[in-house]
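Participant: The structure follows.
The values are calculated or read from the model by the stated rules, or taken from the named source; none is laboratory data. What you are looking at is a predicted structure, and each value in this text was computed from that prediction instead of being measured. Using ideal geometry, Cβ is built from the backbone for each residue, glycine included, and neighbour counts are taken over all protein chains shown. Side chains included, ligands, DNA and RNA excluded: accessible areas come from the protein's heavy atoms. Shrake-Rupley method; radii C 1.70, N 1.55, O 1.52, S 1.80 Å.
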Amino acid sequence: MSTTSSTPEQLRRRREAADRMEPMTCGHQDPFDCQAEACRETNPAVAEPVDEAPAFDPSDVVQLWAGARSLYLAGEFPKYASPEWIALHPDDPRRLAAALAAAEMWRKYGDEEALIAWFREASRARPSIADRRIRAELDQAATPKPPHQLRATPGWPPIAIPGKPGRYLYARQEKAA
């Protein structure tokens, strides 16, 4: 699933998929629409919310942030977007702690599916170079090459001859006719 699509696009796609489903016993086609007590009784697949009301005043953002931070550091929160996370009350600090953890993982590692694909590709066994060449190619590659013939270029400084200290190659001066 692409993570670059916007929330309205995701909602539209979810609604289109829900339209193709058979209606549930409560009449809803999308399980996330089943929020009333009557729906939960007729549809056991809908998760029960863990907390119905927050333990503090939702308008106190500092307390929400402090609670989420302590839960994040303690690791006491469900995985982001899991059924347990969806069942939490919107003002539950565990919900924010899970979102913080998911954002931090995204910052560090990027797209999880792309990262896993990269790890699989990087750890894939590859044949050796020798296995990909025939013996004649390897023999040809191993044959010594003739030495490079040094030639001085007109207009450039002289070239020191390797292995012969004090000896230089000079460019030949061609005389004009």
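Participant: How many of the residues in the stretch 121-177 are modelled with pLDDT of 80 or more and touching a helix residue (DSSP H, G or I) at 6+ places or on another chain (Cβ under 8 Å)?
Facilitator: 1
Participant: How many of the residues in the stretch 118-143 are part of a helix (DSSP H, G or I), open to solvent by less than 90 Å² (accessible area, probe 1.4 Å) and not acidic (Asp, Glu)? Step through it out loud before you land on a result.
Facilitator: So in the stretch 118-143, the residues part of a helix (DSSP H, G or I) come out as 118-122, 130-132, 135-142.
So of that shortlist, the ones also open to solvent by less than 90 Å² (accessible area, probe 1.4 Å) come out as 121-122, 130, 136-139, 141-142.
When the remaining residues are screened for being not acidic (Asp, Glu), the result is 122, 130, 136, 138, 141-142.
Residues that pass the stated criteria total 6.
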